[in-house]
Amino acid sequence: MTGLSAAVTAFCARHGASEPLQAVALRAGRNSEVLRITDHRGNSTILKQYFSHQADTRDRLGTEYGFLDFCSRHGVTAVPRTLGMDKALNCALYALLPGQRPVELTDDHMAQAAAFIASLNTLRDAEGADRLPFASDACTAVQTHLDLAQRRIDGLLACAPANGSSVSAIERDAHAFVRNTLAPAWERRDAAARAALAAEGDLSAPLPRTALILSPSDFGFHNTLQHDDRLAFVDFEYAGWDDPAKLICDFQCQPEVPVSAAHGTLFQRTVLAALRDDGAIARRIAAVLPLHRIKWCGILLNELRAQDRQRRLHAGIAADGLLEIQLAKARTYFETHLV
């Protein structure tokens, strides 16, 4: 059971969740605190309290609430319905969706995920779509795909302790993995991507707006709920306009609920057919997918950065032993996808 402040309790009451309230931490997210709120009538909703940090200026609340409100206004039902938000409290209330994460992924899951992306993008010209922001780390040029991997490596290398400083053995191991294994692998794959993209012309040239899609951004089965064989989709803190190549790469790369190579290919083929790709998106994916693998291997080591450790604590994730767990995951991910 989790206690709520008087201000948050009053916010919930303004949007239909009246006292006495019971709040249970779901800890479903790795960035924001997610609570199930049950009111005196037994009705449950989701309260999300968003992470903020002076080094991370992203408007997570505004992005997610705005994207889901857009979906609701245009009849998209496979997402949480918005109930209310408070910018001063940095929190929002959403309808509770039934279901659990899928355990064993099937071709039908891939079809439902691809159909959701296709349905979102029937709304590309709908009222309000042009006011939605770019997705977090949006790839608005081919060069951005390369930059994302480099920034991830550079950021991890910059966390390396100074000579003679006191760090734990696991931190030394993690920094050695980045320096001796991950960074050299990035250099090789960056060179290969640039060679594969040589015929594409100026890589820094912006992609036309017509080449971008509405993207949940952090899209994968770690952010789905299955109920009666149907999927619903959650967590839109990073959503917005983006290159479909990035969405498809991230879908295939995310490690929390991984997809097989066959399922990744099926999802890619289905989405590209829905988007009527003339081959340009597929060529970008083939060139940059290994760099997104590097990026995701680096994301597994976010705990090397103080800012990310603080975000995990805000989300209710225990700090003890987390870096050791994440380093083991990063090594396994590397051996599986990058050797």
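Since every read-out is calculated from the coordinates, none of them should be taken as a lab result. For clarity, every value in this text was computed on a predicted model and none was experimentally measured. For neighbour counting, all protein chains shown are included, and Cβ atoms are generated from backbone atoms with ideal geometry for every residue, glycine included.
Name the residue farthest towards the positive end of the dipole of the chain from the options 123, 17, 51, assuming +1 on Cβ of Lys and Arg, -1 on Cβ of Asp and Glu, about the Cα centre.
The one lying farthest along the dipole's positive direction is 51.
Starting with the fewest neighbours, write out 278, 86, 107 ranked by other beta-carbon atoms found within 10 Å of each beta-carbon.
Listed from fewest to most nearby Cβ atoms, that is 278, 107, 86.
For a footprinting-style exposure proxy, rank 242, 190, 125 by other Cβ within 10 Å, fewest first.
Going from least to most buried by this count: 125, 190, 242.
If packing is taken as the average count of other Cβ atoms within 10 Å, what order do 191-199, 66-74 fall into, highest mean first?
Top of the packing list down: 66-74, 191-199.
Taking the beta-carbon count within 10 Å as an exposure proxy, list 329, 246, 87, 295 from fewest neighbours to most.
Listed from fewest to most nearby Cβ atoms, that is 87, 329, 295, 246.
Please report, in debye to the nearest 20, how large the charge dipole of the chain is about its Cα centre when each Lys and Arg carries +1 at its beta carbon and each Asp and Glu carries -1 there.
In total the dipole reaches around 280 debye.
Using amide H atoms built 1.01 Å from N in the peptide plane, name the residues 5+ places from residue 241, or on other chains, whose amide H lies under 5 Å from its own.
134, 135, 215
Show me the three semi-axes of the equivalent ellipsoid for the chain, from the C-alpha gyration tensor (sqrt of 5 times each eigenvalue), largest first, rounded to whole Å.
Result for the chain: semi-axes of 33, 27, 18 Å.
Please work out the Cα center distance from segment 192-221 to segment 90-109, rounded to the nearest Å.
Segment 192-221 and segment 90-109 have Cα centres spaced 28 Å from each other.
Using only the Cα atoms of segment 132-219, construct the convex hull and provide its projected area averaged over every direction, in square nanometres to one decimal.
Approximately 8.1 nm², given one-decimal rounding.
Would you work out which of 323, 274, 264 lies farthest towards the positive end of the dipole of segment 98-339? Charges go on Cβ: Lys and Arg +1, Asp and Glu -1.
323
Treating the Cα atoms of segment 22-168 as identical point scatterers in vacuum, please give the log10 of the normalised Debye intensity I(q)/I(0) at q = 0.10, 0.16, 0.21 Å⁻¹, two decimals.
Those come out to -0.53, -1.17, -1.43, one per q.
Taking the Cα centre of segment 1-96 as the origin, how large is its charge dipole in debye, to the nearest 20, when only Lys and Arg (+1) and Asp and Glu (-1) carry charge on their Cβ atoms?
The calculation lands at about 160 debye.
Can you spot the lysines whose alpha carbon is less than 30 Å from residue 329's alpha carbon? Ignore those fewer than 8 places along the same chain.
Filter leaves 48, 246, 295.
Nearest 20 debye, what's the magnitude of the dipole of segment 50-144 about its Cα centre given +1 on Lys and Arg Cβ and -1 on Asp and Glu Cβ?
220 debye
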